[in-house]
1. Taking the stated definitions as given, is Ser49 of a type outside the set (A, V, I, L, M, F, W, C), closer than 17 Å to Val13 by Cβ and touching a residue at least 12 places away in the same chain (Cβ under 8 Å)?
2. Taking segment 135-156 as the search range and keeping residues that are hydroxyl-bearing (Ser, Thr, Tyr) and under 15 Å from His118 (Cβ atoms), which one is nearest to the chain's Cα centre (by Cα)?
3. Quick check on Ser49: is it farther than 24 Å from Asp188 by Cα and hydroxyl-bearing (Ser, Thr, Tyr)?
4. With respect to Gln64, determine if the residue is of a type outside the set (Asp, Glu) and over 18 Å from Gln192 (Cβ atoms).
5. Say we look at segment 167-181 and pick out the residues that are open to solvent by less than 100 Å² (accessible area, probe 1.4 Å) and of a type outside the set (Val, Ile, Thr); which of these is nearest to Glu58 (Cα to Cα)?
6. Could you say whether any residue in segment 151-158 is in a loop (DSSP other than H, G, I, E, B), open to solvent by less than 100 Å² (accessible area, probe 1.4 Å), more than 30 Å from Phe60 (Cβ to Cβ) and at pLDDT 85 or above?
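The values are calculated or read from the model by the stated rules, or taken from the named source; none is laboratory data. Keep in mind the model is a prediction, meaning the values are calculated, not measured. Here the Cβ positions follow ideal geometry from the backbone for every residue, glycine too, while neighbour counts run over all protein chains shown. Quick note on the areas: whole protein, heavy atoms, side chains included, nothing else; ligands and nucleic acids left out. Shrake-Rupley method; radii C 1.70, N 1.55, O 1.52, S 1.80 Å.
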Amino acid sequence: MQAIIYMRMKKYVYITPPKKLTIADVALLTGDQQLVSSCNALTIKEQTSMTNKVQVIEAFTIIQLMQKVDPTIDVQLLGASQSIIYEQKQNNKPKILLMLFVWLLLFVGSAMAIMNFHYDVSMQRVHQRLHYLFTGEDTDYPLWLQIPYSIGLGLGMVLFFNHLFKKKFNEEPSPMEIEIHKYQQDIDQYVQYYENPLNHSKHDKS
């Protein structure tokens, strides 16, 4: 009689070599408790170092390892078929000077972009024209329009990105978070193919 084990691969695994990488590190198993315990303890590889800083473990490899121990095991795979292994980074102290330099670079760059946009669309002339339409007077600096507009521009950016430092205004993901998520998905797809040793075997010609 076959023993059924349900397996779900973990999407990301962070390790600090040297480490004995076991099935419990990369997958979640459920089924017969005694069989699950013995399978969880199986060693996939002795991870002494990580030259590429990222590796991929295929569910196919895990199933092969489990069936070598017990050929009667029926493994039912749920969800993803691969785990991406990353080397755990050391918790380095933040580099204050580098952070200030990047902050200053982004601040100046974004300020220049906003000013160039307003110059291209002649925003000052628009404010002057609006001031004339409302008051019938000409002025070079309609501050009653320019000051609220500048404040509103900053508040609008804060609300658009849904962040003020670490504070979020609601649970909806910001556009930046969505773009980062899409970027991470592209990276995962690349890594899952090019860092997977099974895709570089002599049998794989795709």
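1. yes
2. Only one residue fits best here, namely Ser150.
3. It is false that Ser49 is farther than 24 Å from Asp188 by Cα and hydroxyl-bearing (Ser, Thr, Tyr).
4. Answer is yes for this residue.
5. The qualifying residue nearest to Glu58 (Cα to Cα) is Glu177.
6. no
Rundown of residues vs (1) in contact with a Leu (Cβ under 8 Å, 6 or more places away or on another chain); (2) of a type in the set (Val, Ile, Thr); (3) under 28 Å from Gln185 (Cα atoms); (4) at pLDDT 85 or above, yes/no style:
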{"residue": "Lys19", "(1), (2), (3), (4)": "no, no, yes, no"}
{"residue": "Asp25", "(1), (2), (3), (4)": "no, no, yes, yes"}
{"residue": "Leu28", "(1), (2), (3), (4)": "no, no, yes, yes"}
{"residue": "Thr72", "(1), (2), (3), (4)": "no, yes, no, yes"}
{"residue": "Gln82", "(1), (2), (3), (4)": "no, no, yes, yes"}
{"residue": "Gln88", "(1), (2), (3), (4)": "no, no, yes, no"}
{"residue": "Ile96", "(1), (2), (3), (4)": "no, yes, no, yes"}
{"residue": "Leu104", "(1), (2), (3), (4)": "no, no, no, yes"}
{"residue": "Phe107", "(1), (2), (3), (4)": "no, no, no, yes"}
